[in-house]
1. For chain A, what is the relative contact order in percent, using Cα pairs closer than 8 Å and at least 6 residues apart in sequence?
2. Averaged across B:208-216, how many Cβ atoms of other chains sit within 10 Å of each residue's Cβ atom?
3. Could you pull the copy-to-copy label distances for residue A:47, with points set 7 Å along Cα to Cβ, in nm to one decimal and sorted shortest first?
4. Starting from the amide H of residue B:626, placed 1.01 Å from N in the peptide plane, find each other amide H under 5 Å away whose residue is 5 or more places distant or on another chain.
5. Rank-order A:470-478, B:83-91 by packing density, defined as the average count of other C-beta atoms within 10 Å over each peptide's residues, highest first.
6. Can you give me the long-range amide H partners of residue A:535? Hydrogens built in the peptide plane at 1.01 Å from N, cutoff under 5 Å, separation of 5 or more residues or another chain.
7. Leaving out ligands, DNA and RNA, what percent of the accessible area of chain B is carbon and sulfur, probe 1.4 Å?
8. Shortest first and in nm to one decimal, what separations exist between residue A:169 and its copies in the other chains, measuring from label points 7 Å along the Cα-to-beta-carbon line?
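The values are calculated or read from the model by the stated rules, or taken from the named source; none is laboratory data. The structure displayed is predicted, hence computed values, not measured ones. Quick reminder, even Gly has a Cβ in these numbers, built from the backbone with ideal geometry, and neighbours come from all protein chains shown. Just the protein is used for accessible areas: all its heavy atoms, side chains included, with ligands, DNA and RNA removed. Shrake-Rupley method; radii C 1.70, N 1.55, O 1.52, S 1.80 Å.
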Number of protein chains: 2
Amino acid sequence: MLEHPQEMRVLYRSAHSRHGIQSLRCRTFTSYTDPFRSHLCGKLSREHVGQHVSVCGWLHKKRMGQQFWLLRDWSGLLQILINEQRQEQWLDMLQKASLESVVAVRGLVQPRPEEQANSDMPTGEIELHAAEIKLLNPALSNLPFLPHNRQVTEQVRLRYRYLDFRQTPLQRALRLRSSVLMGMRHFLHDQHGFVDVETPYLFRRTPGGAREFLVPSQQAGKFYSLPQSPQQFKQLLMVGGLDRYFQIARCFRDESRNPEKQPEFTQLDIEMSFVDTESILGLIEDLLVASWPSSHLGSPPSIPFPRLPYAEAMASYGIDKPDTRFGMKIHDITAFARHHSLFGTITNDRDCTVLAMVAPNGDSLCRTAFEKQAKLILENEVRHQPRNKVRLGITRISREETGNKFSGLRIPSNVQSEFMDMLKVNADDAVIMCAGEDRVNCQKGLGKVRLFTADYLEENGLKVRSDKFDFLWVIDFPLFVNSDKGQWESAHHPFTAPVAEEMHMLNDPQRWGEMRGQHYDLVLNGAEVGGGSIRVHSAAMQRRILDLLRIDHEELKHLLEALDSGCPPHGGIALGLDRLISIYAGSSSIRDVIAFPKTAAGNDLMSSSPCSVTKSDLDFYHISVNENAKTPLEDSFDSVDDSSAETKAAA
Amino acid sequence: MLEHPQEMRVLYRSAHSRHGIQSLRCRTFTSYTDPFRSHLCGKLSREHVGQHVSVCGWLHKKRMGQQFWLLRDWSGLLQILINEQRQEQWLDMLQKASLESVVAVRGLVQPRPEEQANSDMPTGEIELHAAEIKLLNPALSNLPFLPHNRQVTEQVRLRYRYLDFRQTPLQRALRLRSSVLMGMRHFLHDQHGFVDVETPYLFRRTPGGAREFLVPSQQAGKFYSLPQSPQQFKQLLMVGGLDRYFQIARCFRDESRNPEKQPEFTQLDIEMSFVDTESILGLIEDLLVASWPSSHLGSPPSIPFPRLPYAEAMASYGIDKPDTRFGMKIHDITAFARHHSLFGTITNDRDCTVLAMVAPNGDSLCRTAFEKQAKLILENEVRHQPRNKVRLGITRISREETGNKFSGLRIPSNVQSEFMDMLKVNADDAVIMCAGEDRVNCQKGLGKVRLFTADYLEENGLKVRSDKFDFLWVIDFPLFVNSDKGQWESAHHPFTAPVAEEMHMLNDPQRWGEMRGQHYDLVLNGAEVGGGSIRVHSAAMQRRILDLLRIDHEELKHLLEALDSGCPPHGGIALGLDRLISIYAGSSSIRDVIAFPKTAAGNDLMSSSPCSVTKSDLDFYHISVNENAKTPLEDSFDSVDDSSAETKAAA
């Protein structure tokens, strides 16, 4: 079909000028120089009754044969009335116009007969009496799915992403994202003098950290890497005196297999000179309030956000990004348990830790189904450390009755009251306990059980989490962690400055494990949505830290030289925008707020990317594909499991 | 050196609170929650006299021993007075503080003694009497260059880019860029309802077009490509009903060797549904006015911009991006020349074209030096077509004198007046002519001579180009061009719609060469700064065009399916922001407005990227580097020739 938009244009120009839109530069409504339409579908209302208008959109539904059409654009739906005489006259066109065809309609806005008014629909009081319909582009009649029918797998929605955009949830999320990001720009650029600087995506490999994608260059054997963050660049901008930098930057990490990670993701990247932790935390709190989408989410969160030291987060929640929308905190009852031999012989071990948490609705938890899954989660957490034994206990306890109510442990009747007072157990509560040799593993394990318990209770109809947006700073992270191989590694990255008072500990290898970094994480509803630090600005200290981490100075020569050339004290942060917006949008998956996401295996199902290339393309870059290479990820190409991905995200 | 910013912080907090800045969240000046400083260096003036302030910055200069310091931050310079007593007291610190060290100073703002006031310096009326100086981070004393000394090659400035940022020209350009881009976002998002959508950088190879970088995936033999533009994505967003999309997008093309191209560059990418060419052109004109940096450049250009059909641009300027800041248009004088045998026998050829342009200051052009270079340029242009003979002629002509004044051609004295009237030659003008067999080559050749002539005259002190910003639309481009191999190719890309009235010509292969596309280019001062088109929205037409171009439908299956699913008429444009901003900033090279640019060979001289990677990195991606591969670009690694790059850019 060879369309002639020119024709249509002339037709609608004359329609416009007849109704007072004389100029080619018509800006009388949301549309810019719009040759096809005078209004958006969803913006028409009673106040337009009696006006001749032109609209464009997708044929969303037909009712009563061809008499009523629903026309859709991004702004909403509009009912079109095609009277009988027109139906005969336009027979051929009407038949060709299958659902989702693109049409332009000119006509008169009229009130609907009172009995037909639809109060559920913003334009439900009116309809457009068609004087002219033009089929701009017919759609095939056998589309893979219709936008208002979401009864398809995520795989199909990814494959035909352009159809999924026509569904309001995804498009609404993209529009929300656009406006929140713009709000952040307003705050940073317009109100606080930040400079938006674009940093390169073709860079060199960063030592340590995540796996980076390689990009072969024309120089044989030499490769660029796609940066996992603009970390080095933003520090170099500070060395260059830019003072305040921001960028909404794409980052790349080859982490395929994790369904909730994307190989490319977006962060709001910020760096400031002459600041301390307070400066950054205050800035971000104000930024989030200033860019808060109140029209979607109501009033912004109150600031300042609470702060929790890492050690306390681990002790109370068993995780460094606690979901604080509900209680059920973890308590250490080791001394009590040992004294009363709660878990039998295990508590006789010198290293044994016993932790407990109290959960509501104890009856629903004291069931084998729950216990089985909770045990699995706990054991999964410690399976990498086979030496550790771990035990789970769940009890329903009351002052009235004595003895073990469910499984795994016995509270002697004489200490029952003391136990309940200690943990503030109410009637109807269950106590979930964990005993094991390794404190950290027990914390992590029970932390996961805590989240699972909340999910389980909510699935069973008990609202556990509050509806609010619970922001939280986690601070005082360890600076270094000891890897499995006994090698010291950065807890975050080698550029994080130690806490000022602990800098002298760098001289004492025995104390490296105690050192805290000037690092901070921003947590929202149990998800990490940001992280940053005050950086090392002294070349001497940076060299010592690289030595400690056994990173070759040569790999970071440019940064070391820069620190030696007059580097101001500086620090920054990055917010993970995909995750943040997905929480704003109420989605459990970041894929719901990314226009063209990839599957867990890194595939773009729409364009079938990645794909094979020609030998001459490879020769140009002096590379060959290894023969007999195994392709572990190819198998999962067709097995994007939507539900499992979402479960993991929620966990 | 282990710095303790904590100390400094406490020190300055107390300084602040003493002078009325009580809160940790101090927002009384440009700085955000600023623990180190109360003011920026360049923002202090007479009105602050008598105030105790704290500032931070780089030690820019020392005068009269240690008595006067110039302290610099991005906002400007500030003179610090260190009295004799302090000099003794701080001896050690003052000696350690070499130029470019980072320091914090607290003191009292005082007027300078009248004879010392410096009216060239915004803070020239005052100085800061130091009460306390803290050396935050000393710089090495042997830096590769000092920021106020630009007497180094571009290679050195690229290698130590962070020092180059400290020079105001580069940092000013980056700040200009940031604010112009923000102005564009304001216009599009806030005022015109465009949605900012981020599209993927890991995509699949696009058939045809520029060379794309490959990114190996974990799936053996499968590769992503870095997209040369978001073209397909933005069309798919229109299919999805997004209506108005924009993005400031990074684009990637492996075009190393061209010193004025960067492997990654930035474009403002726009797409709209239900529009025609008028809509896009009007939008962009208003966008450029709305985002115009008036404080840097004065009043915005007047709109609408002039429009020039491609054929006319070629005929009058010999190029599709004419520099219209000056005249010297090309005229076709073939008939006249043939009639009077101006170039001797060559004009007897049936295909001969004779073109002429008139240039001022004829005396300076009628010289061997100019003629030689002009001839070289002309011959360079046609050397790829050895069959073509081409001749250059330059004459100084007047009504008073007769005969050939310079070279290459003779104007018979009896037609001298007619010739001068025809070309409107004034006394003092030179006429530059070109005769050859191929009209297009002659046009292009003389077009280059025209630009060279303007450069030559300007180098010799004659102002030829006006100072204004001369925007111009070039329209009516051919849709297809016939390649050297006799194969039809898209003049721009396969998604450009034909001009509506010419769509039927698709059926007639004889007329493919005549067809025009609905494409438009935006030209500023002789540089292409934008281009776009109304797209093909019919799947049937898209298939026919792919057939004509011999592009496998399978490569664009997703796009064809999308067009078949209800695609609105749509069109868009992309503006090349690097080039646009470089013209705004008065730079001849886009490298001057890019924070971290690469050399012509694609090298990042600062980080030494690209670089070698380990075998295990390659194994992870199932690739090997070919043995004995030649690395044509490696040699040029150390030979970035600044001057030649800039000459080419200006040409």
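1. This gives 13 percent for chain A.
2. Across the residues of B:208-216, the mean count of other-chain Cβ atoms within 10 Å is 5.
3. 4.2
4. The answer is A:623, A:624.
5. So the peptides A:470-478, B:83-91, ranked by packing, come out A:470-478, B:83-91.
6. Here the answer is A:497, A:570, A:571, A:572, since their amide H atoms fall under 5 Å of that of residue A:535.
7. C and S fraction of accessible area: 47 percent.
8. Shortest to longest, the spacings are 5.6 nm.
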